[in-house]
Amino acid sequence: MAKITTKIKVRQMKDNDIAPIARLYIRAFSEPPWNERWAIKDVVKDITYARSQEHPIMLVAVSGDALVGFTWGYSLRPRDFPFLEGQLSARSMYVDEIAVCNEFRKQGLGTLLCTNLISMARDIGFEEVILRTDLRNNSSMKLFSSLGFRELGVSDPQYSSRIYLRKSLSGLLRE
Ligand SMILES: CC(C)(COP(=O)(O)OP(=O)(O)OC[C@H]1O[C@@H](n2cnc3c(N)ncnc32)[C@H](O)[C@@H]1OP(=O)(O)O)[C@@H](O)C(=O)NCCC(=O)NCCS
């Protein structure tokens, strides 16, 4: 994999990142397998929701003035995932979103964003990180598997190609 050659900084999200995040979000999730159509106001709602959760971690990657990636996560609320009952530790972080702009992909930026998020989650005291992605999405499947995420082995009753992954942070949980 080609490594990032330009200077990239990962930092906490600020209010004036929201507009460029929304633009990147809309582009990234319009691609297969997502094929989603997002309006800016709905992305803003998503961000507002994430920030209102317990222990939000909201990160962006910037190259100079350009926002080139983002990720965020927060404390997982078991009631939002009833089909994961019995599978979760008491302190799980849910990684809600990650995207990197096209021109910067496959250079290690998704890995950089995710490792920053994981390390901050560990510092907060989370015992595991949970996320969901889509089996058909080669890029995220590869990214998360190389970071040590493993299948939870549960399926989402609403979406058959969704897959739930876990990475233990305590070293005590089954990976
Ligand atoms: C998923 C995504 C964030 C990955 O970002 P990235 O910056 O390209 O990731 P990295 O460069 O760190 O790559 C991580 C690993 O995945 C591999 N990879 C990345 N894209 C790949 C692809 N399309 N096909 C196969 N492998 C791929 C890399 O080669 C690398 O492998 P390695 O660890 O063995 O070297 C990016 O593709 C993206 O924004 N996709 C659209 C949004 C999305 O799907 N988000 C995930 C939602 S769950």
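Name every residue in the range 74-83 that is outside any loop (DSSP other than H, G, I, E, B) and touching a strand residue (DSSP E or B) at 6+ places or on another chain (Cβ under 7 Å), in order of residue number. Passing the criteria: Tyr74, Ser75, Phe83.
Just one of (1) surrounded by 12 or more Cβ atoms within 10 Å (Cβ to Cβ); (2) closer than 21 Å to Phe70 by Cβ trips up Leu152, so point out which. (2) is the only condition that Leu152 fails. Among all residues of the range 114-125, there is none that is assigned to a loop (DSSP other than H, G, I, E, B) and either within 11 Å of the ligand (Cβ to nearest atom) or at negative phi (or both).
Are any residues in the range 97-132 more than 18 Å from Arg27 (Cβ to Cβ) and in contact with a helix residue (DSSP H, G or I) (Cβ under 8 Å, 6 or more places away or on another chain), and if so, which ones? So that I can check it myself, show each step before the final result.
Here is the first cut: in the range 97-132, the residues more than 18 Å from Arg27 (Cβ to Cβ) are 108, 111-112, 114-132.
Within the range 97-132, Thr111, Cys114, Val129, Ile130, Leu131 qualify.
Is there a residue being surrounded by fewer than 19 Cβ atoms within 10 Å (Cβ to Cβ), under 19 Å from Lys9 (Cβ atoms) and touching a residue at least 24 places away in the same chain (Cβ under 8 Å) anywhere in the range 42-62? Within the range 42-62 (the criterion being surrounded by fewer than 19 Cβ atoms within 10 Å (Cβ to Cβ), under 19 Å from Lys9 (Cβ atoms) and touching a residue at least 24 places away in the same chain (Cβ under 8 Å)), the answer is yes, since at least one residue qualifies. I'd like to know if the range 83-98 contains one or more residues that are within 15 Å of the ligand (Cβ to nearest atom), over 11 Å from the mean Cα position of the chain (by Cα) and not basic (Lys, Arg). Taking every residue of the range 83-98 in turn, none turns out to be within 15 Å of the ligand (Cβ to nearest atom), over 11 Å from the mean Cα position of the chain (by Cα) and not basic (Lys, Arg). Against the numbered list (1) surrounded by 12 or more Cβ atoms within 10 Å (Cβ to Cβ); (2) assigned to a helix (DSSP H, G or I), Gly69 comes up short only at (2). All conditions in (1) among the hydrophobic types (A, V, I, L, M, F, W, C); (2) touching a Ser or Thr at 6+ places or on another chain (Cβ under 8 Å); (3) touching a residue at least 60 places away in the same chain (Cβ under 8 Å) hold for Cys114, with the sole exception of (3).
Values quoted throughout were computed directly from the atomic coordinates according to the rules given, and no laboratory measurement underlies them. Remember, it's a predicted structure, so these values are computed and weren't measured experimentally. Using ideal geometry, Cβ is built from the backbone for each residue, glycine included, and neighbour counts are taken over all protein chains shown.
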